[in-house]
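Beneath this line is the structure, given in structure tokens, with notes to follow.
The values are calculated or read from the model by the stated rules, or taken from the named source; none is laboratory data. If you're wondering where the values come from, they're calculated on a predicted model, not measured in any experiment. As a convention, Cβ positions derive from the backbone with ideal geometry for all residues, glycine included, and neighbour counts pool all protein chains shown. With ligands, DNA and RNA removed, areas are computed over all heavy atoms of the protein, side chains included. Shrake-Rupley method; radii C 1.70, N 1.55, O 1.52, S 1.80 Å.
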Amino acid sequence: MTAPQIAPARRPKVVLFDLFETCLQLEGLRPRFTALGRPGTDLELFFARLLHQGMAMTLAGEAPPFRTVATDMLRRTSGRDLTDDQVGSVLDGFRELPAHDDVRDAFTLLRDAGVPAYGFTHGSAATASAALEGAGVRDLLVDVFSCEEIASFKPPRRVYDFAVQRVGGEPARTALVAVHSWDVHGALAAGLLGGFCERLEGRVPAAVLRPHVVAPALDDVVAGLLALPE
């Protein structure tokens, strides 16, 4: 297998942000699980299964919409007999997720540097945008879009090719910032710049490509990307 060509470490002209967990706190969903009489730990299992199923469907050809997959995995995790109203009581919470404390500073750094920033998710763009609006940071992004547009979850190469085309950039000058090492790995393998925030995983796993910038907080990752040579 040919090793991927990693982009040279250069200051990005466009930055893409993963949204769920990277910018928006899933913790906001936990009370919705307990309101169903379920343990709060269902949240982590549900989201892991959601990503796993979405990626598996992508590998098989095309992925259904995020909410369709989420509905199936919620019933698998928290009760196969959950009513549509009960499912909605959890999934509607994605629209109200709070932002992490380092998000505003990260977005503001890019705005002040004149570098356009975009939200890039595999969930509903409208849902993620509503959460960012509620958190008071949506206006710092040029746009929010989703790989639902191409019936895919991350991280196949075509997802990042689509994202670069969507923002009118070039891979080697477009950065993807995320707390998921597999997402950053996918971007790096597709020729993008990678910024990894250690907030979720704690360190860069040995099995993934080394990101161009690694830092504990999102604003530190952005500062590192902006400090790369022109």
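In the set (i) 55, 42, 31; (ii) 57, 47, 31; (iii) 55, 35, 33, the label that goes with Cα extents along the principal axes in Å computed for this structure is (i).
Close amide H contacts of residue 152 (hydrogens built in the peptide plane, cut-off under 5 Å, sequence separation of 5 or more or a different chain): 63. For residue 149 and residue 200, the FRET efficiency from 1/(1 + (r/R0)^6), where r spans their Cβ atoms and R0 equals 30 Å, is about 0.70. Extension gain for residue 35 to residue 230 (0.36 nm times residue separation, less C-alpha to C-alpha distance): 65.1 nm. Net length available on complete extension from residue 210 to residue 83 is 41.3 nm, with 0.36 nm assigned per residue and the Cα-Cα distance removed. The distance linking the stretch 132-210 with the stretch 55-120 is 14 Å (Cα centroid to Cα centroid, whole angstrom). Apolar share of the accessible surface for the stretch 90-210: 48 percent from carbon plus sulfur atoms, 1.4 Å probe.
The amide H of residue 198, built 1.01 Å from its N in the peptide plane, has 215, 217 as neighbours under 5 Å, considering only residues 5 or more places off or on other chains.
With a probe of 1.4 Å, find how much accessible area the chain has per residue, and write the answer as a whole number in Å².
Numbers: 10130 Å² over 230 residues.
I get 44 Å² per residue for the chain.
Roughly how big is the chain's charge dipole about its Cα centre, with Cβ charges of +1 (Lys, Arg) and -1 (Asp, Glu), in debye to the nearest 20? Walk me through the numbers on the way to the answer.
Details: 23 positive and 29 negative charges, 107 e Å.
For this selection, approximately 520 debye.
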